[in-house]
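Here's the structure, in structure tokens; my notes come after.
Any read-out appearing in this document is the output of simple, stated calculations on the displayed coordinates, not a laboratory observation. All values derive from a computational prediction rather than experimental measurement. Methodologically, a virtual Cβ is constructed for each residue, glycine included, from the backbone with ideal geometry; neighbour enumeration extends over all protein chains shown.
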Amino acid sequence: MMRSGWSDYAARFVDTKSVESYDRLYGEGTYDDYVWALERPAVVESLRRERERRGRLRLLDFACGTGRILQAVDEVADEITGVDISAEMARRAAAVSPRTNVRIGCVLTEDVLTGPYDAVTVFRFFVNAPQGLRLPILRKIRQHMEQGALLVFNNHGHCPSLRSLTIRVPRPRPQQPNELRHRDIVDLLDASGFRIERRCGFSLFPPSLHRALPASVLRRADAAAASPNVRTLAGRMMIEQLYIARAVSQP
């Protein structure tokens, strides 16, 4: 079966061992767990407000992985669909979010999206996806969203940031690192029928510094950077960028 460029991902997470390794990235005390703890309240609150506005919330979590986002949105969504191309990932997601309709397949070649959806979450996908797949996949998702529906997603490889500096020092990498600029995000959304409503940043320091410095120091620094007086300037240098966008047109 054709997977339109996702075959590497599907093959990588085909067995229990590889998926367990993936889950350990988000285990308690890890860098990604720390960033998600900062970001999760903003994600849940944006979806809660959307449900209040609409009276119900039919939500799609695209590239749902093992269900980290599904667990977070369970408290605010009335109907939840999770989609992933990896069968083993999807199996884990279904186990941690029993009321979610978890579907397996490639949205470009298989009929896995239903909708219409009032909100869609997409986490850790755009940075990792091949450039040629980002636009067609987002356009496909847009086709299954209500007019005015909410899109909540992240850029976990924002450039410029301290991460973009540390991965180039002490010497440049032979290949282009996985990262996206804000301009890349804007262009992607414009071409897919979305308009950004809000953007906020989390985590000033990259994983390498989290391993080298005391956690208490980093938490105080991130808290200071997230304060109202500093957020406008520092937020644009944060590694993790959260976007809240609205579906305004069909591409």
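Summary of computed values
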| read-out | value |
| --- | --- |
| Residues of region 13-31 satisfying the condition of being of a type outside the set (A, V, I, L, M, F, W, C), within 17 Å of the chain's Cα centre (by Cα) and within 17 Å of Ala63 (Cα to Cα) | Tyr22, Asp23, Tyr26 |
| Evaluation of Gly82 against (1) within 28 Å of Asp222 (Cα to Cα); (2) of a type in the set (Gly, Ala, Ser); (3) in a strand (DSSP E or B) (one fails), failing number | (1) |
| Flag for Ala119 being small (Gly, Ala, Ser) and either part of a loop (DSSP other than H, G, I, E, B) or free of Cβ contacts under 8 Å to residues at least 40 places away in the same chain (or both) | no |
| Number of the exception - Val102 against (1) assigned to a helix (DSSP H, G or I); (2) among the β-branched types (Val, Ile, Thr); (3) in contact with a Cys (Cβ under 9 Å, 6 or more places away or on another chain) | (1) |
| Failed condition for Ser21, given (1) over 21 Å from Gln143 (Cα atoms); (2) in contact with a helix residue (DSSP H, G or I) (Cβ under 7 Å, 6 or more places away or on another chain) | (2) |
| Selection count where residues are β-branched (Val, Ile, Thr), surrounded by 16 or more Cβ atoms within 10 Å (Cβ to Cβ) and farther than 24 Å from Ile167 by Cα, scope region 208-251 | 1 |
| Residue list for region 143-167, filter: within 16 Å of Leu113 (Cα to Cα), buried (at least 23 other Cβ atoms within 10 Å of the Cβ) and out of contact with any Asp or Glu (no Cβ under 6 Å at 6 or more places or on another chain) | Met145, Leu151 |
| Subset of region 118-132 (residues that are buried (at least 20 other Cβ atoms within 10 Å of the Cβ), over 10 Å from the mean Cα position of the chain (by Cα) and over 12 Å from Leu60 (Cβ atoms)) | none |
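Matching residues to (1) without any contact (Cβ under 8 Å) to a residue 40 or more places away in the chain; (2) closer than 30 Å to Ser216 by Cα:
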{"position": "Asp15", "(1), (2)": "no, no"}
{"position": "Glu28", "(1), (2)": "yes, yes"}
{"position": "Leu38", "(1), (2)": "no, yes"}
{"position": "Pro41", "(1), (2)": "yes, yes"}
{"position": "Cys64", "(1), (2)": "yes, no"}
{"position": "Pro98", "(1), (2)": "yes, no"}
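Here is a yes/no grid of residues against (1) among the hydrophobic types (A, V, I, L, M, F, W, C); (2) buried (at least 23 other Cβ atoms within 10 Å of the Cβ):
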{"site": "Val44", "(1), (2)": "yes, no"}
{"site": "Glu50", "(1), (2)": "no, no"}
{"site": "Arg54", "(1), (2)": "no, no"}
{"site": "Phe62", "(1), (2)": "yes, yes"}
{"site": "Gly65", "(1), (2)": "no, yes"}
{"site": "Ile69", "(1), (2)": "yes, yes"}
{"site": "Asp78", "(1), (2)": "no, no"}
{"site": "Glu88", "(1), (2)": "no, no"}
